[in-house]
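Reading through the C-alpha cells given below for one structure.
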C-alpha cells in the first residue's frame, strides 16, 4: 500500500500520481441490486397479507377509457350481498372514480399518483390497511396506462387487462409487456361489435402471441352479455386462494 | 415512460446504501439496463440529474451498461438474439422465444467517497 496517500497502489515504479491530500480516495461498492427491489419487497409483503386474510386481490389495468370503472360498478352490484368487496382506486388526479364506486356502498380508497404514472406496492399496502374491513375481493383499479403498471407488482394474485373493442385489435402487440404480465384479458364493450371492424379472433391471436397462457373473457358491462363468465371466473379464483391458504 | 420513478427507486437504494456503507458522496452510479427491460436509457439520463439533485448523489456521473436481448428458441433449439421482447425467432419465425437475457434493470456498482 502507498504510505503517502493510502491508495492501495505500491508505486514500485516511482510514478507520481495526482491524489490531493486531505481527500479520501473513492471506493467501489458492488451493489448488484434490482432497481425495483424495494417495490418488490412491499409487493411480497402485500401478497402475504392478502393470502393470510383470504383476499383475492386483482390488479385491473387498461388504457384510459376502456370501461374499467363501469365494469367494476357492475361487478359490485351483481356480487353485492354474496361477497365482501373493497376497491383501491388509482388515478393521477381527482376522486371521481372513487365517488362512483363509493355510491355502490363498498369501501373504497382513492390514491392520487400525482406525477406518477402507476400505483406502487407501498402505497397500495397503506391504502389496504386503511380500508380496515374484511374482504373476499380486493379490486385495485390501476391508473389508465398500458405501459408502466406492467412493471410494478402490487402483490396481486393476477393482473386483469381490459381491452375495449373500440380500441385497436393490435394493442397486445403494441403494448406486449402488459398483455404478457396479465393472466386474464377482458374484451369489453362487445355490444358495439356490430358497428366496428374489430377482429376478435385476430386480437386474441395477438394476445396469445405475447402470452400463450392468457385467458380471455368477452363481455359487455353495459348489456350484461358474457358477464356471468366473469363472475364465475372471480368466484373460482377466490376459491383457489382459500384452498391455497388451507393447504399452506 | 416510468423512468422518473425508476430514478427515484435508484436514489432510495443509494440512500439505504449510504447508511449501511457509510459514505457521504456518490461520484458514479453504474446501472445495467437490458434491451428488453422496457427502460429507455436516454429518458433515464434525462431524469437522473434532476432526481439526484440535493441528494448524496448530486452531480454523480451516470454510467449505463446496455445488455443485449437474448432468447432460447425451443423450435430450433438454439440461443438467438432478440431486438424486441416478443419477437419471433429470427431463424424459424415461430413463437414463443424464452427470454434468457436483457430483461434486467439493476444497480451494478457505485463509486463513493
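Since every read-out is calculated from the coordinates, none of them should be taken as a lab result. Bear in mind that the values here come from a model prediction, so they are computed numbers and not experimental data. Cβ coordinates were reconstructed from backbone atoms using ideal geometry, including for glycine residues, and neighbour counts include every protein chain displayed.
Axis of helix B:3-21 versus longest Cα principal axis of chain B: the two differ by about 60°, to the nearest ten degrees. Computed from Cα atoms, the angle from the helix A:68-79 axis to the main principal axis of chain A rounds to 60 degrees. In whole angstrom, how far apart do the alpha carbon centroids of the stretch A:26-103 and the stretch A:223-244 sit? Comparing the Cα centres of the stretch A:26-103 and the stretch A:223-244, I get a distance of 18 Å.
Averaged over peptide B:99-108, how many Cβ atoms belonging to another chain are found within 10 Å of each residue's Cβ? Intermediate results must be reported in sequence, preceding the final value.
On the way: counts 1, 0, 0, 0, 0, 2, 4, 7, 8, 4.
Counting other chains' Cβ atoms within 10 Å and averaging over B:99-108 gives 3.
By the count of other C-beta atoms within 10 Å, a proxy for reagent exposure, A:42, B:48 are ordered fewest to most as A:42, B:48. Counting neighbouring Cβ atoms within 10 Å and putting the fewest first, the residues B:4, A:192 line up as A:192, B:4.
Legend: calculated FRET efficiency, residue B:68 to residue A:78, from the Cβ-Cβ distance at R0 = 41 Å, rounded to 0.05, equals 0.25. Placing R0 at 30 angstrom, the Cβ-Cβ distance between residue A:70 and residue A:132 gives a FRET efficiency of 0.65 after rounding to 0.05.
Between residue B:22 and residue A:225, the simple spin-label model (points 7 angstrom out along Cα→Cβ) gives 7.0 nm.
Against chain B, whose longest principal axis is taken from its Cα atoms, helix B:41-52 shows a tilt of about 20°.
Within 10 Å of the Cβ of each residue in B:4-16, the mean number of Cβ atoms contributed by other protein chains is 4.
If you build the convex hull over the alpha carbons only and average its shadow over all orientations, what do you get for the stretch A:92-211? Give it in nm² to one decimal. Intermediate results must be reported in sequence, preceding the final value.
Numbers: hull surface 34.0 nm².
For the stretch A:92-211, the mean projected area of the Cα convex hull comes to 8.5 nm².
Using a/c under 1.5 as the rounded threshold, could you call the stretch A:170-248 rounded, prolate or oblate? The axes a ≥ b ≥ c are square roots of the C-alpha gyration tensor eigenvalues, and prolate needs a/b larger than b/c, oblate otherwise. Because a/c hits 1.5 or more and a/b fails to exceed b/c, the stretch A:170-248 counts as oblate.
Would you mind getting me the FRET efficiency between residue A:233 and residue B:42? Use the beta-carbon distance for r and R0 = 45 Å, nearest 0.05.
Numbers: r = 41 Å, r/R0 = 0.91.
FRET efficiency, residue A:233 to residue B:42: 0.65.
On average, how many beta carbons from a partner chain sit within 10 Å of the beta carbon of a residue in A:144-151?
Numbers: counts 0, 2, 1, 3, 7, 1, 2, 8.
Per residue, the average neighbour count from other chains is 3.
Of A:87, A:200, A:165, the sequence from fewest to most neighbouring Cβ atoms within 10 angstrom is A:200, A:165, A:87.
Roughly speaking, what is the stretch gain from residue A:242 to residue A:122, that is 0.36 nm per residue apart minus the C-alpha to C-alpha distance, in nm to one decimal? Please list the in-between numbers first.
Values: separation 120, 0.36 × 120 = 43.20 nm, distance 2.44 nm.
Fully extending the segment from residue A:242 to residue A:122 adds 40.8 nm.
Plugging the Kirkwood radius over Cα pairs into Stokes-Einstein for the stretch A:37-238, at a temperature of 4 °C and a viscosity of 1.567 mPa s, what D comes out in µm²/s? So the translational diffusion coefficient is about 77 µm²/s. Entry note, the protein assembly as shown: the mean residue ellipticity at 222 nm calculated from DSSP H runs of n ≥ 4, each adding -39500 (n - 2.57), is -10000 deg cm²/dmol after division by the residues and rounding to the nearest 500.
Our analysis of the protein assembly as shown gives Rg over Rh at 1.06, with the two radii drawn from alpha carbon positions and Rh computed by the Kirkwood formula. Prolate is the label for chain B. Its Cα gyration tensor axes, ordered a ≥ b ≥ c, give a/c of at least 1.5 and a/b above b/c.
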